[in-house]
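Just below is one structure, and these are the notes that go with it.
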Amino acid sequence: MHSMQRIQAISRRAIPHTGIQALWTGVVLAGLLSVVFGGTLRAQADIPSTASALVGKSAPSFTLPAERDAQPLPQPATFVPASGHPTVLVFFFTLCTHCLLETKTLHDLAATYPDSGLQMLYIDSPGESPSIADTYVKRLGISTPILLDGDGQVAMRYGVRYYPTVLFVDGRGIVRTVRIGESTDAQLRADFAALLGTSGK
């Protein structure tokens, strides 16, 4: 008992009162954020995803701010669907546990088509700060600019309610395939092959 009291006394001396206050403030704030975020996710879960309804239709154009190397880019990025370039739109969110592996898989598969004219657009939605988004994608080896859908308006236009949501858009701007939630490597490989008119790799 004496040893325990001594340890407790040392612990009290090691953490100043102001440090304890800061610690408790952090705990309270984290709890509040988790409640708010959880409520937002539950509210979104009640809204059905309509992204799949875009298959066979023209993808909406959009313009979003972008970041690279944790810095905002001076010019926003614009997606023009009928640009002649097949495009994969990857809607992700850094707190989405299922997005990490799939985004990595998409990035790696895209790299196997270096001369296809394929463009990959990674969209953080709802967009976070450039530093948060950059830290996330650097873990995946992604060095291309990341688009920041700050208020989630582009995601809503695309009917995105769940993450990840991936849309494969052909060079004429027509949505060919939509994947919602986790997909297998084989499914994504087949999607790339169908989009690019190849037999797959």
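Readers should treat all values here as calculations from the given coordinates under stated rules, not as data from a laboratory. Source: prediction; values computed, not measured. Glycine gets a Cβ as well: all are built from the backbone with ideal geometry, and neighbour counts include every protein chain shown.
Can you classify the range 51-196 as rounded, prolate or oblate using the Cα gyration tensor, where a ≥ b ≥ c are the square roots of its eigenvalues, rounded means a/c under 1.5, and otherwise it's prolate if a/b beats b/c and oblate if not?
Note, shape of the range 51-196 comes out rounded.
Mind ranking 72-85, 54-67 by how tightly packed they are, going by the mean number of other C-beta atoms within 10 angstrom, highest first? Could the numbers behind the result be given before it?
Values: 72-85: 13.9, 54-67: 16.7.
Highest mean packing first, the order is 54-67, 72-85.
Could you run the Karplus curve 6.51 cos²θ - 1.76 cosθ + 1.60 with θ = phi - 60° over the range 51-65 and give me ³J(HN,Hα) per residue in whole Hz, x for Gly and Pro?
Once θ is set to phi - 60°, the couplings for the range 51-65 become 4, 5, 5, 7, 4, x, 10, 6, 6, x, 7, 7, 10, 9, x Hz.
Taking the Cβ of Ser52 as the center, what net charge do the other residues with Cβ under 14 Å away carry, scoring Lys and Arg +1 and Asp and Glu -1? If you can, show how the numbers build up before the last one.
Numbers: positive: Lys57, Arg161, Arg176, Arg179; negative: Asp191.
Counting the neighbours of Ser52, the net charge comes to +3.
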